[in-house]
Structures are given as C-alpha cells and as structure tokens.
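The block underneath contains the structure these notes are about, expressed in structure tokens.
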Amino acid sequence: MDGSNDWASTILVLLILGSFLLNFTDIPQKMQLWRYSSYIRKKIIQLTEIEDESKRKVIKYLSRLNVENPRKVLEGFIDNFFMISPVDIEPTDIIRRMRHLIRTRDDSIRKYVEENLPNATLVQRQNAEVLLEISSVLTLINKIVKHYFQLGLKYNNWILMMQLALELQQVVRLAKAYDDAMDSFMKGTPIGDGAGPLVAHYLKGDAEPVEISKETVYYVTEIEGRKVYVIKAKGPGSTVGWPGEAVEKIINDLGRSVSRIITVDAALKLESEKTGEVAYGVGAAIGDPGPEKIAIERAATKYGIPLDAVVIKMSNEEAINTMTKQIFEGVRKAIEIVKKIIKEKVPKDGIAVVVGIGNTVGIT
Amino acid sequence: MLDPMTIVILAVLAFIITYMAVSAMKSRQEPLKKKVIVTQLKCSNCGYGERREFREGDYVGKEVGECPKCGGKLLVEAIYLEEVEGIPELRSAVSVPKSSQPQKNTGRY
Ligand SMILES: [Zn+2]
C-alpha cells in the first residue's frame, strides 16, 4: 500500500464513523443541550444580578423616605398583587369586570404603599409604587426563565433549551431596560411614554387644572380660535390616570357639540422606523388592557364624533426610560399635527377634546 | 512533502481559531457614549431660555425662580436625555444606561 491509499481509507473510515455518530446517536443533541444550557446559566446569573440590583434600588429609595423596614415592605410586595384575568368564554360585561379587577388591584397597591409610607408625599408614593412593580416584574422574569431552563434540563428537551437561549438576549435586554427605568422614576424625569402627556402639557397653555377622574385632570383652553378640552393624567407623579373615564364624562356633558376627539400616545416602533417619528390615523391611541380604550371608543361612537389618533414612535426600552431628545422633537411635531387637525377639521365654533395618553411622571 | 492528514488537521485548527477570534472580537462591547439629562428653562413672560443639567426635583412645568432679564416666572420647559458632544457647557456628564444603546446579537451561545 502506498501512502495516498492509506490516508484515503482513514478518511473513509472517519466519514462512516462520523455519519454514524451524527445520524444514529443523541450525541450532537446532547452537545447542543450542554452548550445552550451553559449559555443560559450565564444569562440567568446576569438576570439575578439585575434583580438584586433592582431590589437594592427600591430599598435605597424607601430608606431615603425614612421607611423603617424597607426590605420587609419590598418582600411583602413581590409575588403578591397578581391579577387573574376575567372569564372570556362568556364575554358579556367583560369590560366592566376587567375594569373592576384592575381598579381593585390598583387600589390595594395604593393602600399597601400608603400604609407603609405614611409620611411620603403623593408624588413619592406614586413613584414608589412603580419601583415596587418593576422590581416585582424583574423577579417574575427571572423566575420564568429559570422555570423553562429547569424544565429543559429535567426532560432533556434540547429544543426548549435552544428556544430559550435564542430568546434570552432579548429578555436580558428588556430586564436591563426595566432596571435602568428605575433610575428615571427615582429621579422623577419624564419618560418616553410621557410623550402624550407632554403634548397635552404644551397645548394647555396657562389654563388651570380641574380634576375629573382619579389622578386625571382636564384644562379648557383655546387653540387656533377653537375651544379645546385637554385631558391628561395629573402630574408630576408617576401615573396614567383614567383617561377613558375622563373622556366619557366630558363627552356626556358636552354631547354633540364636540366636533373631534384627538388622542395622542407613544407607540411601539418597528425596528426599521426611527425614534420620534410621528404618524396620525383614526381610532383611540391608547395601550391599556381594554377598559379605558373602549370607554373612549364608546363615547365617540355614541355621539358620532370622529376619533383621531396621533402617535409618537419609540422602542420598548425608550418608552420606559428618560425621554430622549428624539422623542422630545417628536413631541414638537405631534403638537403641530394636533394643531393642524384642529384648524382643518374643527369648525370655528366647534369644540375639540385632546387626550394625552401615557405616564405623566415628571410632567405637571 | 507534508502528510495530507496533517494538512487537513492544520486547516481545521486554523478555521476554528479564526472563527473563535472573530466572534470574540464581535462580542466586545462598544464604549459607552456620554449622555446627560438636560433641563431646559424658559421665561413665561419674555421667552428667555436657558439650559442646565437636570437636578433632582425638576419636573416639566415647575417654577424654578425668576427670569434674569425681566423678573418673570422661570419655568421648566422640557427635560430630556441628550448626547453630550453637542452640549459643551454640560460636559461634566453622567454615563448612560447601557440598554439605551444598540446592542448587537453576537450569535454566540
Ligand atoms: Zn423673562
């Protein structure tokens, strides 16, 4: 045998052996499982760090407000206050049931924070609520990731492991965004989601607020010679208010004399879109689970009032973190669009209702 | 002449090392860009404007003092996050949350 024949047969043997291992054993899958699980383990450590960091932030914030046992307040909050969605195979009344559940939950959280932070101001309490909620969400995210990880290990489910590993990059990024968002709420700066309330703030001018629903105010002002009711959550604490109920009340008072309802809100951008882009369309621009949105739609439909939507686009992360300059410039553009709609579509003696939807933290 | 087997092994090794080196380089984080939270002030009377770094307690619509020009009410007009390159007077910057910067998926698991 010469040398070339020798290595050819070696390669042939290797090929046959290799294809046998690849096709008729679980070794490749086991290797994948091992590789993906070690990657996930690393990411879980990262998620745990983020979770601990968020807890430290809450405790720091609460101790700054002279809470006696901040750790106990935090631990009493996490894992509690979940909400079970209403029955949906019998949809009659589902909105009323859902609104009832949401408000019950909000009330019990408010009460919990009030009891534990008796000396804090309203704004501090509202911001503490959000901080507790974020910390709670981060704990939940970590738990869910660990759940799927352990399931995958338990049943040697390498597909589950692979899916989890592929998703995790995004999950960790979201968790980081939530953690960073806590700084915004601790400082009390406006966030991206505050674009709607900020538009309302600029439109209202010097008008005085009138409380109409819980944590929700309206202003009566004049824009382009038309009478305009501007609705927004009451700032500068962290709250979204009850804009749907506020619109319902105002429309029921004013009836057909309203010529136009304009909702302004932050909207999730597509990856290819730029932050701060502004677009307008038809409908209620509001991202609540349902009750507030349907209240606006019903009020508009009842009197046949056209419903306009103006949205300012941003990513998920930008929506919960300190407002960026691009979003602020988007707010400027949105104001011009709202004014244009009022000028072109509301008659001189007509009334317009403008609703700034979103979290009003850092904006009066 | 080199043994063909050695050539194959060397080629495979070279490929693996290059692959690992390239993905290690990709995964290196980009340096933090400096950003700062800016508070923009405006006089409600004469329109005089001013910018400074955000201070805790600032909120949009807050009255922060008197206008140095006409003595009118100086209000917080806007608060936003801005890259520091454009604002020389605010160069004593704070660092930015990492998540607000684009992160690349390195594709390594
Ligand atoms: Zn002035």
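The values are calculated or read from the model by the stated rules, or taken from the named source; none is laboratory data. All figures in this text were calculated on a predicted structure; none of them were measured in a lab. Don't worry about glycine lacking a Cβ; one is built from the backbone with ideal geometry, like all the others, and counts go over all protein chains shown. Just so you know, the surface numbers come from the protein's heavy atoms only, side chains and all, with ligands and any DNA or RNA stripped out. Shrake-Rupley method; radii C 1.70, N 1.55, O 1.52, S 1.80 Å.
Before moving on, here are some points about what is shown:
- At an R0 of 45 angstrom, the distance between the Cβ atoms of A:T121 and A:I89 translates into a FRET efficiency of 0.50.
- Qualifying aspartates and glutamates (Cα of each under 12 Å from Cα of B:K34; at least 8 residues distant if same chain): B:E82, B:E83, B:E85
- Packing-based ranking of A:328-338, A:49-59 yields A:328-338, A:49-59, ordered from highest to lowest mean Cβ neighbour count within 10 Å.
- Cα centroid separation, the stretch B:1-16 to the stretch A:70-133 (Å): 65 Å
- Shown here for the stretch A:1-72: chymotrypsin sites (Phe, Trp or Tyr not before Pro) in loop regions (DSSP other than H, G, I, E, B) with at most 12 other Cβ atoms within 10 Å, of which there are none.
- Accessible area buried at the A-B interface, both sides summed, 1.4 Å probe (Å², nearest 100): 2500 Å²
- In this structure the amide hydrogen of B:N45, modeled in the peptide plane, comes within under 5 Å of the amide hydrogens of B:K73, none closer than 5 places in sequence on its chain.
- Residues of the stretch A:168-217 whose accessible area, computed with a 1.4 Å probe over protein heavy atoms, drops by at least 20 Å² once all protein chains are present relative to their chain alone are A:Q169, A:R173, A:K176, A:D180, A:K187, A:T189, A:P190, A:H201, A:Y202.
- For A:N157, residues with placed amide H under 5 Å, excluding near neighbours: none
- Around A:I102: net Lys/Arg minus Asp/Glu count, Cβ-Cβ under 13 Å: +3
- Stretched out straight at 0.36 nm per residue, the stretch from A:I159 to A:R41 would grow longer than its current Cα-Cα span by 40.9 nm.
- Only lysine pairs 8 or more places apart or on separate chains count here, and in the stretch A:1-159 those with Cα atoms under 19 Å apart total 17.
- Modelled FRET efficiency - R0 51 Å, A:K274 with A:N5, Cβ distances, 0.05 increments: 0.20
- Under 5 Å, built H, 5+ apart or other chain: amide partners of A:K234: A:T216, A:V217
- Computed over the stretch A:27-187, the Cα gyration tensor eigenvalues convert (square root of 5λ each) into semi-axes of 34, 23, 12 Å, ordered from largest to smallest.
- Those lysines that a straight Cα-Cα span of less than 24 Å connects to B:K42, excepting residues fewer than 8 apart in one chain: A:K187, A:K204, A:K232, A:K234, A:K325, A:K333, A:K339, B:K62, B:K69, B:K73
- Averaged over its residues, the protein assembly as shown has an accessible area of 54 Å² per residue, based on protein heavy atoms and a 1.4 Å probe.
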